[in-house]
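All remarks here apply to the structure that follows.
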Amino acid sequence: TPVQIKEFGAISKIDFSPVPPYNYAVTASSRIHIYGRYSQEPIKTFSRFRDAAYCATYRDDGRLLAAGSEDGTICLFDIGGKAPLRQFEGHTKPVHVVGFLSDKYRIFSGGDDYASNLWDIPSATEIISYNEHTDYVRCGCASKVNADVFITGSYDHTVKLFDARTKSSVMTIEHGHPVESVLLFPSGGLLVSAGGRYVKVWDVLKGGQLLVSLKNHHKTVTCLCLNSSGQRLLSGSLDRHVKIYSTTSYKVVHSFNYATSILSLALSPEDETIVVGMTNGVLNVKHRKPEEKNENPQKKRQPAYRTYVKGRTYMPKQEDFCVSKPVKRVLRKYDKLLRSFESSKALDAVLEPPIMLHTPEVTVAVMQELHRRGTLRSALAGRDEKQVNLLLTFVARRVIEPRFTPVLVTVADMITDIYQPVVGQSAIVDKQFLKLQEAIGKEIDYQEELLEVLGMMDTLFATFTKKRDTSVEENKSNGLTEIIETNMNY
C-alpha cells in the first residue's frame with residue numbers, strides 16, 4: 001500500500017541520495033525536505049529560501065546538496081548543516097536546473113534567463129556562461145563518464161551538449177517540443193529527452209541520431225528516470241500515469257496510475273522504492289513487496305538408512321590407505337588463561353588438587369612459562385593464607401625431584417621474598433616454611449653425602465686404573481704365564 005505525504009506545494013523535484021541509507025530530497029514550494037526510506041515525517045528541512053526552491057540534487061558522495069531558487073541564487077548545503085555553505089549569484093531570473101559534474105568540484109545550472117552556467121565550488125565563482133538557448137532552460141544532466149560534459153534542455157525545443165573545455169555547445173538536438181526532462185544512460189552513449197507527449201532516445205556517439213520516438217502518454221511528459229541496471233526506463237506525465245519501458249525493445253512493460261498529474265519521479269538506487277510527486281502537493285511512496293516464502297516447501301528426501309551404515313564393517317586391505325578423521329583440539333583451562341594473559345588465574349588453575357597430585361609436571365610447566373614471560377612474581381603475590389599454604393605444600397613436596405628442582409627453587413625464592421614481611425602472622429604458613437626448610441636441609445645433607453661417596457669412588461677408580469696399567473706392562477715383559485698369575489692374584 002503506498003504511503004501518502006502532503007507537502008506545502010507542487011513537488012517539482014525528487015532526488016535520492018546515492019549512498020546508504022538512501023534518503024531522498026523533496027523540493028516543494030520554498031522548502032527542501034529530507035525523508036528517510038520509511039519515514040512519513042521529514043528528518044531534516046532546508047528552508048533558507050526567500051522564495052520558491054527548485055531542483056535539490058545530491059552530489060555523488062551524498063554529502064552535499066545543491067538547489068536553485070526563484071531569485072536566481074544557487075545554494076549549496078552540507079547535509080549535516082542548515083545554512084548554505086556557498087551561494088552562487090549570476091543568474092538574473094529563476095534557476096530551475098542545478099547539478100554536479102562528475103568531478104564533484106563543479107556545478108552546472110540553467111535558468112529562465114536562457115543561460116547555462118558552470119560554477120567552481122571551492123571559490124564560488126562562475127567559470128563560464130553559455131547563452132545559446134532562446135527560451136527557459138528547465139532541465140539538465142551531467143555525464144558520469146566525462147567530467148567536463150553536461151546537457152541542458154530548453155523550452156526552445158532543443159537539447160544542447162556542452163563541454164567545459166570549449167566556449168560553445170558541441171552538439172544540438174532538435175526535440176520538436178518544449179523539453180521538460182533529459183537523461184543520459186550510465187554509458188554516456190544514449191540520451192533520452194522528454195517533451196510534449198514524446199519520449200525520444202538519441203545516439204550521442206552518432207552525432208545525435210534519433211533511435212526511437214515513444215508516444216505512450218496522452219499529455220505532456222514531465223519527468224524521466226532509469227533503474228539501477230539501466231534495463232528499465234520510467235516516464236511520468238500530466239496524464240497521471242507512470243510508464244515503464246524495457247530499454248532493449250522500448251515496449252511498455254508496466255504502468256502505474258496516480259490520482260493527479262505527475263511532476264517528478266525518482267527510483268531508489270537499489271530499485272526498492274519509487275517516489276512520485278504530484279501537482280496537488282502529495283508525495284506518493286511505494287515500496288517493493290517482499291517476496292513471499294513458500295510456506296509448505298517440499299520436504300527434502302533424507303538418505304536411506306543403508307547410506308549411513310554403508311562401509312561400517314569394511315575391513316581395509318593391505319594396499320589401502322586409511323584416512324583418519326582429524327581430532328578437534330580442545331584447549332585446557334590453563335591454556336586458555338595463558339592465551340588471554342591472565343597469569344594469576346592460570347596459576348590457580350594448575351594448583352587444583354587433581355592436577356597437582358596426578359600431573360605435577362603441568363603445574364611446574366605453567367610456573368616455568370610464567371617465569372619466562374616475567375609475570376611469575378605478580379602471579380605469586382597477593383594470595384591469602386590458604387593459597388600460600390597450598391603453594392608451599394606443593395613446593396616442599398616436589399622441590400627434591402631433580403626434574404622440578406631448577407624451577408621450584410626459583411619459585412621458593414620468590415615466595416620467600418614476597419611473604420617474608422608476614423612471617424609470624426600465620427601458624428599454618430610458618431609451619432609450611434619450616435617444612436620447606438627441613439626438606440631443603442635434608443636434600444643438602446643427601447647431596448653432601450653423595451659428594452663424599454662420589455669422591456671415594458673416584459679415588460678407588462683412579463687406584464684401580466693405575467694398578468691395572470702397571471700389571472699390563474709387567475705381563476708384556478714376562479709372558480703369558482705371568483698374566484695368568486696376575487689375574488689369579490687379582
Task: Extension gain from M457 to K82, taking 0.36 nm per residue of separation minus the Cα-Cα distance - done: 125.0 nm
- [ ] On a C-alpha basis, how far is the centre of region 329-353 from the centre of region 199-246 in Å? Whole number, if you could?
- [x] 71
- [ ] Roll a 1.4 Å probe over the protein chains and send me the accessible area per residue for region 333-462 in Å².
- [x] 62
Open item on the list: Run the simple label-point estimate for V422 and L450 please: 7 Å along Cα→C-beta, distance reported in nm.
Closed with: 3.4
Open item on the list: Which of the three applies to region 1-87, rounded, prolate or oblate, going by the alpha-carbon gyration tensor with a ≥ b ≥ c and a/c under 1.5 meaning rounded?
Closed with: oblate
Task: Computed over region 2-287, Kirkwood Rh from alpha-carbon pairs, angstrom - done: 18.6
Open item on the list: Give me the dipole magnitude in Debye, nearest 20, for the chain about the Cα centre, with unit charges on the beta carbon: positive for Lys and Arg, negative for Asp and Glu.
Closed with: 2620
TODO: Would you mind calculating the gained length between D103 and S168 on full extension (0.36 nm times residue separation, minus the Cα-Cα distance), in nm to one decimal?
DONE: 21.4 nm
Open item on the list: Just checking my list [x] -0.21, -0.54, -0.83; [y] -0.52, -0.68, -0.79; [z] -0.35, -0.74, -0.93 against log10 I(q)/I(0) by the Debye sum over Cα atoms at q = 0.05, 0.08, 0.10 Å⁻¹ computed from this structure; which label fits?
Closed with: [y]
Open item on the list: At R0 = 30 Å, how high is the FRET efficiency between K442 and H358 if r is their beta carbon distance? Nearest 0.05 is fine.
Closed with: 0.75
Task: Formal net charge of residues neighbouring Q425 (Cβ-Cβ distance under 13 Å; K, R +1; D, E -1) - done: -2
Task: Efficiency of FRET from Cβ geometry, Y250 and H218, R₀ 22 Å, rounded to 0.05 - done: 0.75
Task: Modelled label reach - R63, point 7 Å along Cα→Cβ, region 114-128 residues with backbone N closer than 14 Å - done: 122
Open item on the list: I'd like the carbon and sulfur percentage of the solvent accessible area for region 158-277, probe radius 1.4 Å, heavy atoms only, ligands and nucleic acids excluded.
Closed with: 50
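Which value, in debye to the nearest 20, gives the size of the charge dipole of region 2-287 about its Cα centre, when Lys and Arg are +1 and Asp and Glu are -1 at the Cβ?
In debye, rounded to 20, region 2-287 gives about 620.
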Open item on the list: With a 1.4 Å probe and all protein chains left in place, how much of the accessible area of region 1-129 comes from carbon and sulfur atoms, in whole percent?
Closed with: 47
Open item on the list: Per residue, how much accessible surface does region 2-287 expose to a 1.4 Å probe? Answer in Å², no decimals.
Closed with: 41
Task: Between region 1-68 and region 369-390, the Cα center-to-center distance that results, in Å - done: 66
Task: Cα-projected label distance for D71 with A304, points at 7 Å along beta-carbon direction, nm - done: 8.7
Open item on the list: Can you compute the FRET efficiency between D120 and T1 using 1/(1 + (r/R0)^6), with r the Cβ-Cβ distance and R0 = 56 Å? Round to the nearest 0.05.
Closed with: 0.75
Open item on the list: Can you work out the Karplus-derived ³J(HN,Hα) for every residue in region 265-271? Use 6.51 cos²θ - 1.76 cosθ + 1.60 with θ = phi - 60°, whole Hz, and x for glycine or proline.
Closed with: 8, 8, 10, 5, x, 9, 6
Open item on the list: With every protein chain left in place and a probe of 1.4 Å, what is the accessible surface of M456, to the nearest 10 Å²?
Closed with: 120
Open item on the list: Principal axis extents for region 333-462, Cα atoms only, whole Å, descending order, please.
Closed with: 57, 35, 26
Task: Per DSSP, loop trypsin sites (Lys or Arg not before Pro) in region 397-471 with at most 16 further Cβ within 10 Å - done: R403
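Report D for region 209-255 in µm² per second (integer): Stokes-Einstein, Kirkwood Rh on Cα pairs, 37 °C, 0.692 mPa s.
298
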Open item on the list: Tell me the carbon and sulfur percent of the accessible area for region 333-462, rounded to whole percent, probe radius 1.4 Å.
Closed with: 60
Task: Unit charges at the beta carbon, dipole of region 333-462: most positive-side option, A349, M456, V364 - done: A349
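Helix-only estimate, please: 222 nm mean residue ellipticity of the chain, summing -39500 (n - 2.57) across DSSP H runs of length 4 or more and dividing by its residues, to the nearest 500.
Value at 222 nm, helices only: -9000 deg cm²/dmol.
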Open item on the list: Which one, V182, S69, V409, projects farthest toward the positive side of the charge dipole computed for the chain from Cβ point charges (K/R +1, D/E -1)?
Closed with: V182
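Which helices, counted as full DSSP H runs in the chain, have an axial Cα extent of no less than 24 Å and a Kyte-Doolittle average of -0.5 or above?
The answer, listed by residue number, is 427-478.
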TODO: Mind checking the full-extension length gain between A259 and I400? Use 0.36 nm per residue of separation minus the Cα-Cα distance, one decimal, nm.
DONE: 41.0 nm
TODO: Tell me the trypsin sites (Lys or Arg not before Pro) within region 179-239 that lie in a loop according to DSSP and have at most 15 other beta-carbon atoms within 10 Å.
DONE: K215, K219
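The values are calculated or read from the model by the stated rules, or taken from the named source; none is laboratory data. This structure is a prediction, so every number in the text was calculated from the model and none was measured. No Cβ is skipped: glycine too gets one built from the backbone with ideal geometry, and neighbour counts run over all protein chains shown. All accessible areas refer to the heavy atoms of the entire protein, side chains included, with ligands and DNA or RNA removed. Shrake-Rupley method; radii C 1.70, N 1.55, O 1.52, S 1.80 Å.
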